[in-house]
Amino acid sequence: MPGTNNRSKHHEATRNARVYQQDASSDGSTVKEGRDSTPPSGRQTKRRKLASTGKEEEIKEENPSDDANDAAASASEFSEPPKREKPAVIEERSGLIQFKVVTNDNNPESLVILTGLKHIFMKQLPKMPREYITRLVMDRHHWSMAIVKRGLQVVGGITYRPFPHRKFAEIVFCAISSTEQVKGYGSHLMNHLKDHVKDVSPVKHFLTYADNYAIGYFKKQGFTKEISLSRSVWVGYIKDYEGGTLMQCTMVPRIRYLEVQDFLAAQKRLIQARISSFSSSHIVYPGLDIFKKSKDHKPSNSPCNQLELVVQPSEVPGLDKTGWTPEMDELARRSKRGPHFTAMRHILVELNGHASAWPFVAPVNAADVPDYYTVITNPMDLSTMENKLENNQYETVDDMVRDAQLVFDNCKLYNPASSPYAKCAVKLEKFLYEKLPQWKQAAGLT
């Protein structure tokens with residue numbers, strides 16, 4: 001907007017917005033969530049601006065489920081290593097960043113944030129027309145959640161349009177400044193958005209069109225290409241982008257996404273506690289002395305003497321408590337395939353590859369030949385033979401050859417000798433018995 005008056009108004013709005021931002025922490029007007037914002041009492045009260053009315057109201061919500069707390073208490077004896085928090089979580093707790101939900105409501109702070117968000121989208125989404133980005137970000141049907149640093153410096157955000165009557169929201173733009181990436185901002189932002197939208201609206205689903213570069217990010221945030229929402233719910237409501245992939249995320253009602261890592265950790269500790277009640281898998285035994293002595297007394301460049309490192313299973317501490325027996329070791333060492341498996345596999349491959357094998361590769365279709373299974377009471381085909389081989393139902397090559405002979409006999413019994421099927425059976429049978437001695441000899445079976 002050209003003109004001195006407009007420019008001075010912009011400076012005044014920016015100055016007022018900065019004052020507003022500095023006072024936000026004291027008057028409760030800032031939309032900020034996180035682990036550090038939960039009071040110690042059983043219920044917590046937040047002030048949040050509603051997308052439907054633009055007004056603020058108090059939202060009372062329960063703490064995470066008692067089951068998770070009980071799990072953490074019952075499994076407290078399992079010491080976990082210190083949790084590695086993402087920089088985004090640490091920065092929010094320390095006050096370096098805030099998460100603000102804004103729309104074009106003529107509020108000076110909102111306009112400053114939306115303008116900063118618009119510039120990030122333009123830079124990070126160069127294929128999007130600049131006018132199109134401006135129109136949607138400033139549209140009053142759209143809302144934006146922005147990551148804001150001090151001085152109303154916007155470093156990333158998501159613009160979305162809620163459809164409360166249809167219980168879904170469309171994510172239109174999502175971007176983080178290139179200088180602020182690899183800090184976990186993207187995941188933390190999406191978790192904030194999920195919790196916020198669930199709190200202030202009946203929205204249960206997100207839909208978005210993702211380009212090839214964004215599909216991986218959205219998958220990590222719980223989005224999928226499998227669209228479960230009926231087309232009648234969203235067709236004609238969301239914007240369709242050529243070359244984009246439509247993705248959906250359905251939110252779990254009882255989950256607080258900002259606390260999901262703590263919730264999963266509590267579940268893990270509970271499961272470990274349950275396992276330890278009837279298992280000794282959590283007990284760590286000391287290593288065997290024989291390996292320590294071998295390492296201490298043998299030169300590093302000398303070959304290892306395996307005779308000195310032979311260990312009886314009974315000498316391994318704790319092995320007997322796992323239920324291990326010598327019979328289990330013997331079973332584990334047995335080959336899963338019979339000694340003739342390789343030879344039989346080779347024979348089947350040769351038969352399937354023969355030019356006359358085409359009538360016998362699959363079972364006869366009863367719909368095509370209605371009386372076949374009335375005449376042939378013991379059917380057989382090459383695919384059935386392959387299944388029997390994979391399931392170890394053939395002990396020897398001769399067992400498999402008998403089934404092959406059954407294929408030929410059935411064909412010659414049902415079909416006239418002059419038919420192409422019977423002729424194929426004769427040719428394939430001749431091929432089998434001519435090559436069989438050679439195949440057996442190659443496999444060492446003669």
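The values are calculated or read from the model by the stated rules, or taken from the named source; none is laboratory data. Every value quoted in this text rests on a predicted model; they were computed, and no experiment measured them. Heads up, the Cβs are rebuilt from the backbone with ideal geometry, glycines too, and the neighbour counts pull from every protein chain shown.
Could you pull out the residue among Thr179, Thr159, Thr208 that is buried (at least 18 other Cβ atoms within 10 Å of the Cβ), hydroxyl-bearing (Ser, Thr, Tyr) and more than 23 Å from the chain's Cα centre (by Cα)? Show your work before the answer.
Values: Thr179 fails: buried (at least 18 other Cβ atoms within 10 Å of the Cβ); Thr208 fails: more than 23 Å from the chain's Cα centre (by Cα).
Criteria check complete, one pass: Thr159.
Would you check which residues across segment 229-283 are hydroxyl-bearing (Ser, Thr, Tyr) and not in a helix (DSSP H, G or I) and list them?
Going residue by residue through segment 229-283, those that are hydroxyl-bearing (Ser, Thr, Tyr) are 230, 232, 237, 241, 245, 250, 257, 276-277, 279-281.
Correct list: Ser230, Tyr237, Tyr241, Thr245, Thr250, Ser279, Ser280, Ser281.
Take the residues in segment 338-364 that are more than 22 Å from Asn378 (Cα to Cα) and small (Gly, Ala, Ser); name whichever of them is farthest from the chain's Cα centre (by Cα).
Ala355
Tally up the residues in segment 161-204 that are farther than 19 Å from Val252 by Cα and not aromatic (Phe, Trp, Tyr), please. If you could, list the steps in order and put the result at the bottom.
Step one: of segment 161-204, the residues farther than 19 Å from Val252 by Cα are 161, 172-186.
Applying the additional criterion that residues be not aromatic (Phe, Trp, Tyr) yields 161, 172, 174-184, 186.
Here the count works out to 14.
Please determine, by comparing only the residues of segment 100-113 that are touching a residue at least 24 places away in the same chain (Cβ under 8 Å) and in contact with a strand residue (DSSP E or B) (Cβ under 6 Å, 6 or more places away or on another chain), which one is surrounded by the most Cβ atoms within 10 Å (Cβ to Cβ).
Narrowing segment 100-113 to residues touching a residue at least 24 places away in the same chain (Cβ under 8 Å): 100-105, 108-109, 111-113.
Subset that is in contact with a strand residue (DSSP E or B) (Cβ under 6 Å, 6 or more places away or on another chain): 100-103, 113.
Working: Lys100: 23, Val101: 23, Val102: 23, Thr103: 20, Ile113: 25.
Per the stated criteria, the residue is Ile113.
I need a count of the residues in segment 322-337 that are under 36 Å from the mean Cα position of the chain (by Cα) and surrounded by 10 or more Cβ atoms within 10 Å (Cβ to Cβ).
5
For Arg161, which of the numbered conditions (1) closer than 21 Å to Lys118 by Cα; (2) in contact with a Leu (Cβ under 7 Å, 6 or more places away or on another chain) fails to hold?
The number of the failed condition is (2).
Take segment 134-182 and flag every residue that is among the aromatic types (Phe, Trp, Tyr) and either more than 16 Å from Val200 (Cβ to Cβ) or touching a Ser or Thr at 6+ places or on another chain (Cβ under 7 Å) (or both). Talk me through it step by step, then tell me what you get.
The initial filter retains those residues of segment 134-182 that are among the aromatic types (Phe, Trp, Tyr), namely 143, 160, 163, 168, 173.
Within segment 134-182, Trp143, Phe173 meet the criteria.
Of the numbered conditions (1) in contact (Cβ under 8 Å) with a residue 12 or more places away in the chain; (2) in contact with a Phe, Trp or Tyr (Cβ under 9 Å, 6 or more places away or on another chain); (3) surrounded by fewer than 14 Cβ atoms within 10 Å (Cβ to Cβ), Val361 fails exactly one; give the number of that condition.
Status for Val361: all satisfied but (2).
Restricting attention to segment 373-421, which residues are touching a helix residue (DSSP H, G or I) at 6+ places or on another chain (Cβ under 6 Å), farther than 28 Å from Pro339 by Cα and of a type in the set (A, V, I, L, M)?
Val375, Ile376
Within segment 86-99, which residues are part of a helix (DSSP H, G or I), under 31 Å from the mean Cα position of the chain (by Cα) and surrounded by fewer than 23 Cβ atoms within 10 Å (Cβ to Cβ)? I'd like the intermediate steps shown before the answer.
Of the residues in segment 86-99, the ones part of a helix (DSSP H, G or I) are 87-94.
Imposing the further condition that a residue be under 31 Å from the mean Cα position of the chain (by Cα) reduces the set to 87-93.
Passing the criteria: Pro87, Val89, Ile90, Glu91, Arg93.
In segment 283-314, what residues are at pLDDT 65 or above, loosely packed, with under 11 Cβ neighbours inside 10 Å and not small (Gly, Ala, Ser)? Don't jump to the end; show me each part of the working.
Step one: list which residues in segment 283-314 are at pLDDT 65 or above, which gives 283-293, 309-314.
Next, from what is left, pick out any that are loosely packed, with under 11 Cβ neighbours inside 10 Å: 283-284, 286-287, 289, 310-312, 314.
Selection gives Ile283, Val284, Pro286, Asp289, Val310, Val311, Gln312.
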